[in-house]
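Visitor: One structure is given below, represented as structure tokens, and several questions about it will come after.
The values are calculated or read from the model by the stated rules, or taken from the named source; none is laboratory data. All values derive from a computational prediction rather than experimental measurement. When we count neighbours, we look across all protein chains shown, and the Cβ atoms used for this are built from the backbone with ideal geometry, even at glycine. Surface areas here come from the heavy atoms of the whole protein model, side chains and all, with no ligands, DNA or RNA. Shrake-Rupley method; radii C 1.70, N 1.55, O 1.52, S 1.80 Å.
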Amino acid sequence: MSGKIFPTALDAENAFYEALERCDLEGMMAVWAEDEDIVCVHPAGQRLCGQDQVRESWARLFAAGPRARVSVSQQVAIGAMMLAVHSVHENFTVEGDPRPTVPILATNVYLRTAAGWRMIVHHASPAPGQPEAAPARTKGPPKTLH
């Protein structure tokens, strides 16, 4: 048992992103529910289920050590008594690389347990490209779609 108690889903989410930035495997796994019914999908990755697969994936990602900073924006939070769903944009900056990175769209699902709020799902994928500007209107009547 991790010993950490997260009184709110937001507390668990903040701990998740702090552990991600620090490449702190134990801190990361302290956020996750302590059962096999957990799911993690990294950007462009496969679905990982259960403690072993989730832990191994974070260990591989953290092997190079901390290099990125992450900020969360555009959070949409849906909450109920026992479940919370957060949809966020993860904005990464990589140390020594001035190029902007594509935001990651993430859905984080938290369950209220006897040990506080715990993550049960993290699903992340690259955001699609920015929408193109609408073409300039030409003179004449509007076109009918139907």
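Visitor: Taking the Cα atoms only, what angle lies between the long axis of helix 9-22 and the longest principal axis of the chain, rounded to 10 degrees?
Guide: Taking the Cα atoms of the chain, the angle to 9-22 is about 90 degrees.
Visitor: If you roll a 1.4 angstrom probe over the protein chains with everything in place, what fraction of the accessible area of the chain belongs to carbon and sulfur, to the nearest %?
Guide: Accessible surface attributable to carbon and sulfur in the chain totals 58 percent.
Visitor: Starting at 0 and stepping by 10 Å, how many percent of the alpha carbon pairs of the range 80-131 end up in each bin?
Guide: Using 10 Å bins, I get a P(r) of 23, 36, 25, 13, 2 for the range 80-131.
Visitor: Rolling a 1.4 Å sphere over the protein heavy atoms, what is the accessible area per residue of the chain, to the nearest Å²?
Guide: Numbers: 9550 Å² over 146 residues.
Computed with neighbouring chains in place, this is 65 Å² per residue.
Visitor: If Lys and Arg each add +1 and Asp and Glu each add -1, what is the summed charge of the other residues whose beta carbon sits under 14 Å from the beta carbon of Glu90?
Guide: Local charge sum for Glu90: -2.
Visitor: Something else: Pick out which of Gly129, Gly45, Gly79 has the largest mean-square fluctuation in a Gaussian network model of the chain, springs linking Cα atoms closer than 10 Å.
Guide: With Cα springs under 10 Å in the chain, the top fluctuation among Gly129, Gly45, Gly79 is at Gly129.
Visitor: Within 12 Å, Cβ to Cβ, of Gly65, how many net charges do the neighbouring residues add up to if Lys/Arg are +1 and Asp/Glu are -1?
Guide: Around Gly65, the surrounding residues sum to -1.
Visitor: Report the local net charge at Gly50: Lys and Arg +1, Asp and Glu -1, summed over other residues whose C-beta lies under 14 Å from its C-beta.
Guide: Net charge around Gly50: -4.
Visitor: For a quick check: with amide H placed at 1.01 Å from N, whose amide H comes under 5 Å from Trp117's, ignoring anything fewer than 5 positions away on the same chain?
Guide: Phe6, Thr8
Visitor: Taking the chain as the reference, fit the longest principal axis to its C-alpha atoms, fit the long axis of helix 50-62 to the helix C-alpha atoms, and give the angle between the two in degrees, 0 to 90, nearest 10.
Guide: 70 degrees
Visitor: In addition: Of all the Cα-Cα pairs you can form in the chain, what percent are over 17 Å apart?
Guide: Of all Cα-Cα pairs in the chain, 65 percent lie more than 17 Å apart.
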